[in-house]
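**Q** My questions will all concern the structure given below.
Laboratory data are not the source of any read-out in this text; all were calculated from the coordinates shown. As the structure is a prediction and not an experimental result, all values here were calculated from the model. With ideal geometry, Cβ positions are generated from the backbone for all residues, glycine too; neighbour counts draw on all protein chains shown.
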Amino acid sequence: MKRVLIGLAAVTVAAVAFFVLSTAKHVPTVRAASCSASTLDATYGGYGWGSISGTANNSVGLYTFNGSGGYTFSTWGSDGGTVTSGSSSGDYVVNSTCEGDLYDPTTGTVYARFVIVSSGAEVDTVSQQSGDNISGVFKELF
């Protein structure tokens, strides 16, 4: 009888421990981000979606960041049902918290903000142009 009680006690303790550990809230590890222009030194495939001045806009493209503050884009898309393509190059800036800006090569103003995700494997972006409602995601090709 004593062996049965000890066995039941051990099973009960194990079950309670399992329940407590499996229902406890996971607390994520917070790591300090540390980025610079060199964090983006690759070619990305990406897509953007949204609207420009109320007209639907979707695109895909190749986005190359050179690791020292320069970018080039080649995109293909649909702007309100009209097929489009284009390319651009300009400058980008990355701060230590992995946020950054893309600069319009013509005006020198910020036209998009971005955040670097997964140590540079992904870049999420949003337009900063008045009348635009465009977001995008770039993923490193290889």
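**Q** Report the Stokes-Einstein translational diffusion coefficient (µm² s⁻¹, integer) for segment 36-142, Rh taken as the Kirkwood radius over Cα pairs, at 4 °C with viscosity 1.567 mPa s. Don't skip to the end; give the middle numbers.
**A** Numbers: Rh = 13.8 Å.
After rounding, the answer is 94 µm²/s.
**Q** How large is the dipole of segment 37-140 about the Cα centre if only Lys and Arg carry +1 and Asp and Glu carry -1, each at its Cβ, rounded to the nearest 20 debye? Could the numbers behind the result be given before it?
**A** Details: 2 positive and 10 negative charges, 27 e Å.
Roughly 120 debye for segment 37-140.
**Q** Obtain the nm distance between the two label points defined at N66 and D91 by a simple spin-label model: each point lies 7 Å from its Cα along the Cα-to-C-beta direction.
**A** Rounded to a tenth, the inter-label distance reads 1.3 nm.
**Q** Here's a follow-up. Please give the contour-minus-distance gain from S130 to W49: 0.36 nm per residue of separation, less the Cα-Cα distance, rounded to one decimal in nm. Before the final figure, lay out the partial values.
**A** Values: separation 81, 0.36 × 81 = 29.16 nm, distance 1.58 nm.
Between S130 and W49, full extension yields an extra 27.6 nm.
**Q** Further, regarding this structure: Give me the one-decimal nm value for the distance between modelled label points at S34 and V137, 7 Å along each residue's Cα-to-Cβ direction.
**A** The modelled label-to-label distance comes out at 2.9 nm.
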